[in-house]
1. Can you compute the modelled spin-label distance between LYS197 and VAL321, with each label point 7 Å from Cα toward Cβ, in nm?
2. In a Gaussian network model over the chain where Cα atoms closer than 10 Å are linked, find which of SER82, SER27, SER160 has the largest mean-square fluctuation.
3. Based on alpha-carbon centroids, what's the gap between the stretch 113-133 and the stretch 56-111 in Å, whole number please?
4. For the stretch 263-311, what are the per-bin percents of Cα-Cα distances with bins 5 Å wide, up to the bin holding the maximum?
5. What does the helix-only formula give at 222 nm for the chain: each DSSP H stretch with n ≥ 4 adding -39500 (n - 2.57), the total divided by the residues, and the result rounded to the nearest 500 deg cm²/dmol?
6. 5 Å is the cut-off here: which amide hydrogens, built 1.01 Å from N in the peptide plane, fall below it relative to LYS94, excluding neighbours closer than 5 in sequence?
7. Note down the relative contact order for the chain as a percent, whole number, built from C-alpha pairs under 8 angstrom at least six residues apart.
8. Looking at the square roots a ≥ b ≥ c of the eigenvalues of the Cα gyration tensor of the stretch 46-200, which shape do they give, rounded for a/c under 1.5, prolate if a/b is larger than b/c, or oblate?
Amino acid sequence: MIPFNKPSITDLEISCVADAMKLRRTSGDGPYTMKVYEKFKEILGIENMLLTTSGTTALEMASLLIDLEPGDEVIVPSFTFSSTANAFMLRRAKPVFCDIRKDTMNIDETKIEALITKKTTAVYTVDYAGFPAEADAINEIAKKHGLFVIEDAAQAVGSSYKGRKAGTLGDFGCYSFHETKNYSMGEGGGLVINDPKYIDRAEIIREKGTNRRQVLKGMTDKYTWHDIGSSFLPSDLLAAMLYAQLERYDEIMAKRLNVWNIYHAQLKELADKELLKQPVLPEHITHNGHMYNIILPTAKCRDNLVARLKEAGIYAYICYVPLHSAPLGRKLGYNPETCPVTEDYGQRVLRLPLYADMTSTEAELVCEKIKKILK
Ligand SMILES: Cc1ncc(COP(=O)(O)O)c(C=O)c1O
C-alpha cells in the first residue's frame, strides 16, 4: 500500500516534544517557538514570522491586518483550497476569481488587471504545488492600483522566485505546517510580515487583541486589550515538533525532491506520447518538491486512473474542485465559464503520492503502474 501522505517522524521529533513537556511551558510563544524563529532566520533568512495555529489562520490574520471592509473585492485564483477565500470572506469581502496559467497552474497575472474595480483591495496569490506565482508582474499591478498582495505560500516553504524566498513575495506570506506539508507540526502555520510597520499590530491581533507579547519581551509589566484579535498562537509542544523538522530541513527537502525527480524522469515517456502532461518549471523558480501533479487528457481518464491505482493500493488524489464551481461558489452565482482553464484543468489534474519517507522503489512502482494503466 502506498498512501497519499505519511508524516516523517523520527526520534528527534519525539525527543523535542518530550523535552517541551518536561520544560512545563506548554502554551504559545515558549522556548521552542523562539527556536523555530531562529531556524527560519538561519535557513530561509526570514526575520519576521509569527507562528499560527494553521495556514488558514495565518491567512485570516493577514485579512485582519489589511482592514478589509464588507463589500471589498479580492482577486484570487479559483484553483485553490477553501482557506484562501474563506480568510477574506470572513471579513465580508467578495471573491473575484481569476483564471490560472496553463504551465504552473498559478494565477494568470495577465488576467488580473481586467478584474480590478474601484472596490478591489487586494490580490491573494497561491504558490500552487510549491511553485511561486509570478510575483514581479503581480506586485507591479498591485503597486499601480494601490492593492495589497497576500501570498498564500502554504505549500511553498523553501521554494524561491528569482532568488527570493516564497512567503516574502507580497505584503504578507502565509505558510502551512499541516501534516501534509513539507515541514509539519501536525496543525500549524506561519505569518510572514514583510513590512515591519505591521509587526506590532500583528502581535496584538494574534494574542486575542492584547499586548501580551510585549510583556514576554519585557517591554511592559502588564497587558490589556488594544485591538480586535483572536487566539492565533499554537502550543509550544507543536513548535517543538516543527523545530525538529527544521533541524532536518535539508534531509526532508532532498528526500522529497528525489521522489519528485523520479516521477519527472520516469513519466517523461508518457508525456512524449501525449498520454499525460507533466509539471512545467519556469527557469526563475526553484521548488521544494511539495507535490507532483499530472494532467490527464480527459476527466474520464483521470478518474479511471485514480480508481485503478487505488485497486493496486496506490492512493492518488484529485486536488481541488475549483472554488467557483464548488457548491458554495455556485450558490454565490459563479458558473463554470468564469475561469475556463481552471475548470478544464481542475477536472484533469491528479496529484501523485509524495512524502519524504517514500522510497525510490515505491516511486518507481507508482510510475510502472501508471505506465501499465495508460498504455
Ligand atoms: C493553498 C493552501 N492554502 C491554505 C491551506 C490551509 O492550510 P492549513 O491546513 O494549515 O490551515 C492549504 C492547506 O492545505 C493550502 O494548500
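The values are calculated or read from the model by the stated rules, or taken from the named source; none is laboratory data. If you're wondering where the values come from, they're calculated on a predicted model, not measured in any experiment. Backbone-built Cβ (ideal geometry, glycine too); neighbour counts: all protein chains shown. All accessible areas refer to the heavy atoms of the entire protein, side chains included, with ligands and DNA or RNA removed. Shrake-Rupley method; radii C 1.70, N 1.55, O 1.52, S 1.80 Å.
1. Those two pseudo-labels are separated by 4.2 nm.
2. Ranking SER82, SER27, SER160 by mean-square fluctuation puts SER27 first.
3. 7 Å
4. 5, 17, 24, 25, 18, 8, 4, 1
5. Working: 14 runs with 146 residues, N = 375.
So the calculated ellipticity at 222 nm is -11500 deg cm²/dmol.
6. Correct list: GLY71, ASP72, GLU73, VAL74.
7. Details: 781 pairs, mean separation 83.0, N = 375.
Relative contact order here is 22 percent.
8. Values: a/c = 1.44, a/b = 1.22, b/c = 1.18.
Cα axes put the stretch 46-200 in the rounded bin.
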